[in-house]
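Report on the structure given below.
The values are calculated or read from the model by the stated rules, or taken from the named source; none is laboratory data. The structure displayed is predicted, hence computed values, not measured ones. So basically every Cβ, Gly included, is an ideal-geometry build from the backbone, and we count neighbours across all protein chains shown.
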Amino acid sequence: MSDKSYNIVFLDRATIGVDVRKPNFPHTYKEYQETSQDEVAERLAGAEIAIINKVPMRPPSLEKLPDLKLIAVAATGTDCVDKAYCKAHGITVSNIRNYAVNTVPEHTLALIFALRRNLIPYVEDVRRGKWQTIDQFCYFDHPIHDISGSTLGLVGFGALGKSVATRAEALGMKVIATDVFDFPGKVDLDTILTQSDIISLHCPLTETTRNMIGAAELKKMKKSAILINTARGGLVDEKALLEALKSGEIAGAGFDVLTVEPPKNGNILLDAHLPNLIITPHVAWASIEAMTGLANQLVDNIEAWVAGKPRNVVLD
């Protein structure tokens with residue numbers, strides 16, 4: 001390991017809810033709980049290593065940082081980083097991989113169970129006292145569907161998609177999947193849309209996938225189908241989704257992500273208060289076990305880069 005001391009700055013420490021160990025090489029370290037885009041250049045001045053989660057790293061900031069050599073992203077998605085600029089200027093970008101193969105699939109299934117069994121409407125009815133007013137032991141205001149025997153369509157069949165598939169099959173679901181790469185049994189998106197009882201998104205947000213589920217795609221889905229998104233906001237046209245939910249074009253949706261996060265200026269999905277829509281605050285990834293693995297891998301990536309053996313490098 002080199003005797004050189006490296007200047008490390010973590011721009012959005014508040015996004016990781018567990019301890020992060022100190023790297024095993026000489027270094028100085030400073031962290032900020034959160035950082036706006038306007039503060040990036042000032043806070044990273046003189047730093048060789050930047051740790052970020054969701055802070056945008058764009059050319060207007062990067063061009064002011066001649067010392068920056070590594071951007072260690074504390075997440076799998078790297079759409080917040082201008083990777084073309086980094087490649088052209090010799091800045092390595094690393095990310096975290098396969099840390100969420102338990103937590104995201106479990107959250108995905110939790111949303112599926114909640115929607116298929118209408119858990120939220122029944123819980124709300126009980127809280128409002130409705131159960132206490134009826135004359136029989138139960139009531140059937142909200143339809144309940146088994147997930148066993150249903151067809152799950154996965155859009156994205158990487159590590160997370162495969163992990164969801166393993167769990168779904170164990171629960172008696174039929175799984176079909178699509179992705180940009182080929183694999184045995186791959187189907188096209190139209191087949192996913194028309195045949196699935198449940199569609200779950202597990203793909204990155206790119207210019208190709210932005211709004212990949214819009215009004216036309218929603219119209220192709222079964223009226224009894226539900227849509228799950230624990231991947232990235234922006235994959236689904238939120239206005240089109242709202243209309244589909246209101247009109248009964250699809251039966252429900254469970255989202256852990258929104259196009260703009262946090263939704264400080266409101267969001268049409270949040271404002272709708274629909275019983276067939278569940279939104280959680282981007283926490284599918286955030287089990288204690290997953291965050292601990294992420295934090296360890298983050299430092300592993302930094303130590304490997306300093307040792308001259310970079311790992312988990314994002315190439316494009």
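Residue check: residue 225 meets all listed conditions (1) out of contact with any Leu (no Cβ under 8 Å at 6 or more places or on another chain); (2) closer than 24 Å to residue 80 by Cα; (3) surrounded by 22 or more Cβ atoms within 10 Å (Cβ to Cβ) but one, namely (2). Checked against (1) surrounded by 15 or more Cβ atoms within 10 Å (Cβ to Cβ); (2) in contact with a Cys (Cβ under 9 Å, 6 or more places away or on another chain), residue 168 passes all but condition (2). I'd like the full set of residues that are surrounded by 20 or more Cβ atoms within 10 Å (Cβ to Cβ) and touching a residue at least 24 places away in the same chain (Cβ under 8 Å), limited to the range 66-76. Listed by number, the residues that qualify are 68, 70, 72, 73, 74, 76.
Looking only at residues in the range 149-163 that are of a type outside the set (A, V, I, L, M, F, W, C) and farther than 24 Å from residue 277 by Cβ, the one that is surrounded by the fewest Cβ atoms within 10 Å (Cβ to Cβ) is 149. Of the conditions (1) under 27 Å from the mean Cα position of the chain (by Cα); (2) modelled with pLDDT of 95 or more, residue 98 fails just one. Which one is it? So residue 98 meets the others, but not (2).
Counting only residues that are part of a loop (DSSP other than H, G, I, E, B) and either more than 21 Å from the chain's Cα centre (by Cα) or surrounded by fewer than 19 Cβ atoms within 10 Å (Cβ to Cβ) (or both), the range 21-46 holds 13 of them. Regarding residue 119, is this residue modelled with pLDDT under 95 and either among the aliphatic types (A, V, I, L, M) or touching a Cys at 6+ places or on another chain (Cβ under 6 Å) (or both)? Against the criterion (modelled with pLDDT under 95 and either among the aliphatic types (A, V, I, L, M) or touching a Cys at 6+ places or on another chain (Cβ under 6 Å) (or both)), residue 119 does not qualify.
Scanning the range 209-248 for residues that are more than 22 Å from residue 97 (Cα to Cα) and of a type in the set (S, T, N, Q) yields 211, 224, 247. Does the range 101-113 contain at least one residue that is of a type outside the set (Phe, Trp, Tyr), within 29 Å of residue 198 (Cα to Cα) and free of Cβ contacts under 8 Å to residues at least 60 places away in the same chain? Yes, the range 101-113 has at least one match.
Restricting attention to the range 163-181, the residues being of a type in the set (A, V, I, L, M), over 20 Å from the mean Cα position of the chain (by Cα) and not in a loop (DSSP other than H, G, I, E, B) number 3.
Residues in the range 182-205 that are out of contact with any Ser or Thr (no Cβ under 8 Å at 6 or more places or on another chain) and surrounded by fewer than 16 Cβ atoms within 10 Å (Cβ to Cβ) were compared, and the one that is nearest to residue 150 (Cα to Cα) is 194.
Of all residues in the range 50-65, those being under 18 Å from residue 14 (Cα atoms) and either basic (Lys, Arg) or buried (at least 23 other Cβ atoms within 10 Å of the Cβ) (or both) number 6. Selection within the range 10-20: residues that are part of a loop (DSSP other than H, G, I, E, B) and of a type outside the set (Gly, Ala, Ser). The member of this set that is surrounded by the most Cβ atoms within 10 Å (Cβ to Cβ) is 11. Selection of the range 250-271 for residues being crowded, with 18+ Cβ neighbours inside 10 Å and over 16 Å from residue 282 (Cβ atoms) yields 250, 251, 252.
Within the range 272-286, if we keep just the residues that are more than 13 Å from the chain's Cα centre (by Cα) and touching a residue at least 40 places away in the same chain (Cβ under 8 Å), the residue that is surrounded by the fewest Cβ atoms within 10 Å (Cβ to Cβ) turns out to be 275. Looking at the structure I just gave you, is residue 187 β-branched (Val, Ile, Thr), in contact with a His (Cβ under 7 Å, 6 or more places away or on another chain) and closer than 30 Å to residue 96 by Cβ? Here the answer is no, as residue 187 does not meet what is asked. Among the residues of the range 207-234, the ones that are in contact (Cβ under 8 Å) with a residue 60 or more places away in the chain and closer than 16 Å to residue 155 by Cβ come to 5 in all.
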